[in-house]
Ligand code: BG6
């Protein structure tokens, strides 16, 4: 739609930035914390770029005061961070660890000191290894109760100060990478049946946590964050359009419909049943999903890229695709399901060095699609550019990141004009941090952290980049000066 005048961002808009515990904290075995599945997975040779780990990460655990001070000086309105389950319950269940709880108390209080709204992610992939050892983690239904117990502990402890809660981060990514692509723990390949069952457990954990939170704090705002890569059909051929509908049902609505409507898309479920991989429901699950969906306050969206969809004949490409984890352009491989769709590169769009399309309008597109389908408010919980940053005379001149963010924010503003209710925009990320599979060379932050790929080198000094000062202005002018 075209509007002569922009109404701009709402007055109380939350300009934010995000991180995740494993990617920033370090202190992997301190103050009672026990290993998470990631602490173990990164030690398997060949799993991460140059064998990088989050053992030390950017040492946010010890340097959080400095990090939050820089946020305060920037005028940041919200800081989205996750809590490490294995700091709170080192064994996943059982004994709670007071020192772990205390750390997040301190972090939350530090944010409040600078009027920064804490936005807490309950789960950003770092499952306690103990639960993997006890019953294979997400694969077992017992995870649901342990998750809700953990989440409820957080709600009770922090709910007086934390109003914004994201239950799960990118359920589609951690399950897809964990049980289909073998790229995340537990490293299983094409285990489709388990993949869909694991997802059902995660949906139940999400739903029951939403209900538990609303019972304790009816005014809290809650949702989960979905990694949404909107799809464009490559042509107006009906078969390409139909391929796109298939793709969206299986790759997007399969998650967002459950969060927003409390039910799976009918065609996707029919397809899974035909393959014999549909998830098993326990009695009452359908009702719980529905009830929780009616209480969800927003759709969390992590937006990085769009994709193109083309019909894929029965004798066409059969591949889960291959990610580029090197930073060498043009090394990603095409995904395709015979008889349905394939995902060719979009020639109309530039890409990052990791082959992610750069598509600012895709962000407006995502917001419009969600608004039409669900009519829910939206929290953009992640958006940003991963790049090689070079220190020059002690500074980082990241004009490419400013351009990326400016273009995305412009489109987000148009989404606001269109009537989408956008509550927050969190860039990924605040400081530089560990990219799960791409080490420390793929940087996203407003604040440069002096550390090398090597575990032990670098002073960890924080250096605000040009984008830091630019975003400060954006916040000051509520998105008017870009
Ligand atoms: C999202 C995750 O998938 O994208 C983040 O929620 C992640 O944890 C971010 O770091 C960027 O991905 P990558 O692979 O570039 O680090």
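Relative intensity of the range 361-482 on a log10 scale, I(q)/I(0) at q = 0.14, 0.23 Å⁻¹, equals -0.65, -1.28, per a Debye sum over C-alpha point scatterers of equal strength in the absence of solvent. Among 93-102, 405-414, sorting by the average number of other beta carbon atoms lying within 10 angstrom of each residue, highest first, gives 405-414, 93-102.
The listed peptides 169-176, 415-422, ordered by packing as a protection proxy, come out as 169-176, 415-422 (highest mean of other Cβ atoms within 10 Å first).
Kirkwood hydrodynamic radius computed over the range 107-203 comes to 14.6 Å, based on all pairs of distinct alpha carbons.
Taking each residue as 0.36 nm, the span from residue 219 to residue 452 lengthens on full extension beyond its C-alpha to C-alpha distance by 79.5 nm. Peptides 275-283, 119-127 ranked from most to least packed by the mean count of surrounding Cβ atoms within 10 Å: 119-127, 275-283. With contributions of -39500 (n - 2.57) from each DSSP H run of at least four residues, the per-residue ellipticity at 222 nm computed over the chain stands at -12000 deg cm²/dmol. Each part reduced to its alpha carbon centroid, the range 126-151 and the range 407-463 end up 29 Å apart. Alpha-carbon geometry of the chain: the Rg and the Dmax are 21.2, 63 Å, given in that order. Counting 0.36 nm for each residue step from residue 326 to residue 156 and taking away their Cα separation leaves a gain of 57.0 nm.
If R0 equals 25 Å, the separation of the Cβ atoms of residue 476 and residue 372 corresponds to a calculated FRET efficiency of about 0.15. The slack in the chain from residue 287 to residue 235, taken as 0.36 nm per residue of separation less the alpha-carbon distance, amounts to 14.8 nm.
With a Förster radius of 51 Å applied to the beta-carbon distance between residue 270 and residue 91, the computed FRET efficiency rounds to 0.80. Among beta bridges from DSSP that stay inside the chain, the antiparallel ones total about 35%.
Throughout, read-outs are computed from the coordinates displayed, never taken from laboratory work. As the structure is a computational prediction, the values presented were derived from the model and not from experiment. When we count neighbours, we look across all protein chains shown, and the Cβ atoms used for this are built from the backbone with ideal geometry, even at glycine.
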